[in-house]
Structures are given as C-alpha cells and as structure tokens.
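Worksheet: one structure, shown below.
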Amino acid sequence: MATLGLESTIQDPAVLARAVKHLAQARVVLPTFSELAQPSAISPAVHQALSGVDPDGRSPLNLFRVHWYNDGRGGIASEPAYLRLPPELTGVQAPILVALGRTFPMIHAHKVLAAYGCLVPRIVTGQFDPTNHRAVWPSTGNYCRGGIAISRILGCRGVAVLPEGMSRERFDWLDRWVESADDIVRTPGSESNVKEIYDCCAELDRQAENIIFNQFCEYGNYLIHWRCTGPALGQVFEHERGKQPDLQLAAYVSATGSGGTLAAGDYLKDTYGAAIAAAEALECPTLLANGYGEHNIQGIGDKHVPLIHNVMNTDFVVALSDRVSDGLGVLFNHPAGHAYLRERHGFSPELLAGLPALGLSSLANIAVAIKLARYLNLGPDQAVITVATDSAAMYASERERTLTERFGDNFDQLHAAEVFGEHLRGLSTDNLQQLRHSDRNRVFNLGYYTWVEQQGVDLEAFEARRSQAFWHQLRPLVDAWDGLIREFNAKTGVRPSDAT
Ligand SMILES: Cc1ncc(COP(=O)(O)O)c(C=O)c1O
C-alpha cells in the first residue's frame, strides 16, 4: 500500500495545477477542516451565498455544510442537533446524549464528512487529478454515498463499491446520484464482507486512473473526526452542562465500521476524561472475541480491526445483538410503537418526534450506552454521549422485513411492550469487556493479519500505532492541510458568490 493519506506537502505540481484549473471551472471553494469544526468562523460571504442553496442539491457551496451544525432550515445552529434520552426511556439514571447525523447535507449521514476528510488532502497535495482520476469509495453504504456526492460536486468521476446486500434505500440514493450505472460496483455478501470489498478494490487499483479512498486506513478519516466530530460532541456536552453545572462526561460510545467516528473519543478523552467504548455486533464480535459472522447493524462490524482505530486508547468493547437494533427500529417508527410509548409511558410528542432520527447503528450505540451506564453504575450527573450516524429513513425496507419475519406483519402494542421490556429495560451488562493493557494488545495484534499480511502495510508503520505518540504526531497534519487548502483556494480565485 503506497500511501495512507499522510502527506502534507505537494507531491506532484502538475497534478495540482490541473486540479486548480478544474476546480476553478467547477467554481469550487474548499472549506478548511477548521471551518468545518467551527462553522461560525466561515466567512459571512459564504453564509450569504449559501442562503438560497438547497442543502440536498449539487451546489459546490454545500461543501460548507459538511459539518454537525446545520439547523435543518439551511442555516447554522449554535450546537449540533441532538437528543437527550431520559431515564424513563433508557432505564438508567445517566443522561444519554445522541448527536444527529441526519442534519448533514446531501446524504443525511455524517459519513460525508469522512469522505471529504479523505479526498481533500489528496487534492491539495497534488495526488488526485479530477480531470483524469476516478475516486473509488469502498464502503458498506454511507461513506460511498458521501464520496459520490462530493465527487459529483467537484465534477470528477466517483465509483461506489459496496456489498449487494445493503439496504435498498442506499442503492436508491446511489441510482439518483451516480454519473453512470457502472459507477456502482456491487460486491458479494452484506455488512461484514469487507474482505470482498478489498479484493474488488485491489482489482480496480490495477488501473492507474482509479484512486482508492480506503476509509479503513486513510488517516484523513481519523483526523477529520478528531478535529470536527470531537469538538462538536464537546459542544453538545457543554450545552447540557450549561443547564446542569455538575454534569461530567463519563463516556463516549461509537459503533465501529472504519473506526473514524471513534476518533472523536480521543478528543473527548483528552478534553473531558471520557472513557471510549467501541461497539460492534454480537453476531460478528471481532474486537470482543476475534469472532466473525453476519449481522444487520448496517455500517459497522467489518470482521477486521481498521488501521485508523486507535485501539490502545480504547477502554471498552461492547457487543450488541442486531435483534436489539432491529426491534427498537420497529418500536421507534411504527404507529403502534408510538401509541404504546405515549399511552403507557407518557413520553412527550417532542421525544417521539425525535426517534425516527435514529438509524440501526444509532440504536445499537444507544443500547450500548445503556449497558455501559449500567456497568459503570453512572448517576444523573454522568452523561454518556454517542452519535446517530444516519436516520431511520435509510431502513424502511429493513423494518418491513423485521415486521414480517418477527412480528407476522401484525405489530401491536403488546409487541411494543415486549420490545421495550426486552431491548431497553432488559439490557444487561453482558458481552462487555473493560480493556486491560493485555486486552488492548490482543485487539491491536489482530489487525496484523489484515494490514501487514493481506494489505501490505509496512510492519513498522503498523507497529508505530501502538504508541499514543504516533496519534499525537498526526494532529499537526490538520493545520498543514488547512494551509494548503487556503493556498489552493487562492490559486483558483473562486469567490463564494461564484460558487453557486
Ligand atoms: C450507519 C453507519 N453507522 C456507523 C458507521 C461506522 O462509522 P465509522 O466508519 O466512522 O466507524 C457507519 C460507517 O459507514 C455507518 O454507515
């Protein structure tokens, strides 16, 4: 593997010059990582130009909406949209805070941020030529949608590589966005068949015009979440602490696919002392038990340890059955589920209106947050924070399947009570491991087989990641890239008012 996205200087001036010319013609201004971390710092000229732009359209200006602070009406909010789940719902005293990825533009999931974080360093260092290269986005669905959205905005060719068994909604979206039907490559299997995706990418990599943006080993993915998602979640916590001054941030939970979102934990641990919990599917317990298998928590659990997962800074691994996320998906979106939650438990219309913001992995995150809060016996002043990567809108077809196969197409309030009892109140502390040094080494070592043996990563580069110094030394790359982004924008000369 030639590169892991770690360059901070210009690699090929000729490629860079072509990219400048191309993006000038496409009227693109590239936001810096700092602007996406703190959108209030984006220039008033951009905000003004954005006011008439559809957040789901193909305008280059929508790059300036690839952040956590969209208010759902096209403007900027003072903190990310989030839910605070009350003890009456979760059964634990600790407040559970869930930041909502559906506010991201174009794909309604935060993975468009990861796609930008992988692509833009390659553009501004002269490693991606939008006039000639094709951006290949291997993923289980949301990252490749983000990659396609950004490729289209930049006027370059993008290819989505994803397993054929992913949700229908992902393919429907891709059909609307790709330039040609050939730009969707279906690999065998479903959620945890990432090896098959790699094999397909190895094939595609043989053609010089294909540049593979492998989110599992691209450090831009780690860094953009460390720089943007970490502080955004910090802002959610600060907002709650403003109302409850004794509140502490006890833990951060993230179900891991590429491990990118987990990087926010490195920020939250440094800033608030939060413990970091990696969640995965019990049906594919790779981190917990070196296990494998099929599951339906789409977007996570890929039968390997991503290269960009800072394993030695992870405090817990928790495995959760997809039976829980599938069941809660129905409870939180079905009229009988809402009737039960309202009539039996008296939950407010506001809370019920927020529940469809939670996709399958979001429900897994919440269930794991509950298990962790129970295990740590957290009180009302100890919050657990997590993310809802995408919303229930991506899984209508999956809910139909669950309704048929599990509830005989007859989901009623009795079923709702069973789901509530089994998958919320009944959540126990099983399948949870608090990692000791030796446990972290066990998980870390498992990554050797994917990265060194199969993917050809240099042993030294693999081993360096065992030390926290390695991860700290990555951080200055963000400022270096931001400097190159500013220089790039100065060269294109595009003004925000041109970039509609
Ligand atoms: C729905 C969903 N949840 C969770 C994840 C995992 O996020 P990450 O890849 O940052 O670990 C993904 C990744 O694609 C996803 O699509």
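Quick notes
- Residue match in the stretch 466-478 (condition: at pLDDT 95 or above and touching a Ser or Thr at 6+ places or on another chain (Cβ under 7 Å)): yes
- Cβ-Cβ contacts under 6 Å between residues 6 or more apart (or on different chains), taken from a first residue in the stretch 201-218 that is of a type in the set (D, E, K, R) to a second residue that is crowded, with 16+ Cβ neighbours inside 10 Å, are listed as Asp205/Ile212; Glu209/His133; Glu209/Arg134; Glu218/Gly5; Glu218/Cys118.
- Members of the stretch 168-184 found to be more than 19 Å from Thr131 (Cβ to Cβ) and touching a Gly at 6+ places or on another chain (Cβ under 7 Å), listed by number: Arg170
- Residue in the stretch 194-207 that is at pLDDT 95 or above, within 30 Å of Cys284 (Cβ to Cβ), under 19 Å from the mean Cα position of the chain (by Cα) and buried (at least 23 other Cβ atoms within 10 Å of the Cβ) present: no
- Residue identified as touching a residue at least 60 places away in the same chain (Cβ under 8 Å) and under 14 Å from the mean Cα position of the chain (by Cα) among Thr140, Thr103, Thr131: Thr140
- Residue check: Glu191 meets all listed conditions (1) assigned to a helix (DSSP H, G or I); (2) over 20 Å from Leu119 (Cβ atoms) but one, namely (1).
- Restricting Tyr267, Tyr292 to those that are surrounded by fewer than 24 Cβ atoms within 10 Å (Cβ to Cβ), more than 30 Å from Leu403 (Cβ to Cβ), hydroxyl-bearing (Ser, Thr, Tyr) and touching a helix residue (DSSP H, G or I) at 6+ places or on another chain (Cβ under 9 Å) reduces the list to Tyr267.
- Residue that is farthest from the ligand (Cβ to nearest atom) [pool: residues in the stretch 373-388 that are buried (at least 24 other Cβ atoms within 10 Å of the Cβ) and assigned to a strand (DSSP E or B)]: Ala383
- Helices (runs of 4 or more DSSP H) completely within the stretch 272-372 that count 2 or more residues being modelled with pLDDT of 95 or more, of a type outside the set (Lys, Arg) and within 16 Å of the ligand (Cβ to nearest atom): 286-289, 322-331
- Within the stretch 129-137, none of the residues are over 25 Å from Asp12 (Cα atoms) and of a type outside the set (D, E, K, R).
- Condition met for Gly265 (without any contact (Cβ under 8 Å) to a residue 12 or more places away in the chain, under 26 Å from Pro80 (Cβ atoms) and assigned to a helix (DSSP H, G or I)): no
- One residue from Ser78, Ser139, Ser151 being among the polar types (S, T, N, Q) and surrounded by fewer than 24 Cβ atoms within 10 Å (Cβ to Cβ): Ser78
- Top-ranked residue of the stretch 229-262 - restricted to ones that are touching a residue at least 60 places away in the same chain (Cβ under 8 Å), part of a loop (DSSP other than H, G, I, E, B) and more than 16 Å from the ligand (Cβ to nearest atom), ranked as surrounded by the most Cβ atoms within 10 Å (Cβ to Cβ): Leu247
- Among the residues of this structure, Leu363 counts as one that is under 23 Å from Arg401 (Cα atoms) and without any contact (Cβ under 8 Å) to a residue 40 or more places away in the chain.
- Among the residues of the stretch 168-188, none qualifies, meaning not one is at pLDDT below 90 and under 22 Å from Leu282 (Cα atoms).
The values are calculated or read from the model by the stated rules, or taken from the named source; none is laboratory data. All of these numbers come straight from a predicted model, not from anything done at the bench. Every residue, glycine among them, receives a Cβ derived from its backbone with ideal geometry; neighbour counts consider all protein chains shown.
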